[in-house]
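First comes the structure, then the notes that go with it.
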Amino acid sequence: MYQTGFCGRIMSSLIFNPLAFIVCLQYNNLLITLLSGSNRQIDVPPDEQNRVDSLRYAVERLVNQAAFIQDELISVQPTFKQELLSGIGVFHQDVNDLERGYALEGPMVPAITPREASDRLNMFQSRFDDIFRSYQTYSAGEQLFGLPITDYSCIHRIKKELNLLQKLYGLYNQVCVGNSHSQELYWLYFTPL
């Protein structure tokens, strides 16, 4: 039958696409209805016949457009893949710099004051957020191109430590602010005569 060949062409020429599959099913249902009606000498309304023709035209246009876009993507894929790989190389160096800097100058370095640790935490948190966004982008790119996803265990470790330190120093900062307000409050009520 024609509809099997037509839909077979669609399915074989494209990566499985749910929209194309639904359109193909609708087209098959309409065509089967028309064919069964013409075999039994049943009059099929002209608007139903027009729907089949317009649907066939729309599906053929969809197939042609999808093939064009697929060819475009195939032609630009090597360039994007090369850019991704070079970006991953730079990112790997950035991660190493972050890890080294975090170990030497981070908020968990021994013998620093809590205030200084809190300031360092804020500095490293913003730097880490940039690195983590890049990590998510490069991981998605590796997944898109079917490359093995690089595991940066230090990113996950630093993220966990920074989250815990944010809670700790958030509490520390609240206590310090509360302390300074309470000292101001006492002097306000006990002014000399």
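Structure notes:
- Each part gets one Cα centre, and for segment 100-123 versus segment 55-87 those centres are 48 Å apart.
- The residues of segment 43-113 expose on average 70 square angstrom of accessible surface per residue, using a 1.4 Å probe on protein heavy atoms.
- FRET efficiency for the pair Ala58 and Ala140, taken as 1/(1 + (r/R0)^6) with r the Cβ-Cβ distance and R0 = 35 Å, rounds to 0.60.
The values are calculated or read from the model by the stated rules, or taken from the named source; none is laboratory data. Keep in mind the model is a prediction, meaning the values are calculated, not measured. All Cβ positions, even for glycine, are placed from backbone atoms using ideal geometry, and neighbour counts span all protein chains on display. Accessible surface is based on the protein model in full, side chains and every heavy atom, while ligands, DNA and RNA are left aside. Shrake-Rupley method; radii C 1.70, N 1.55, O 1.52, S 1.80 Å.
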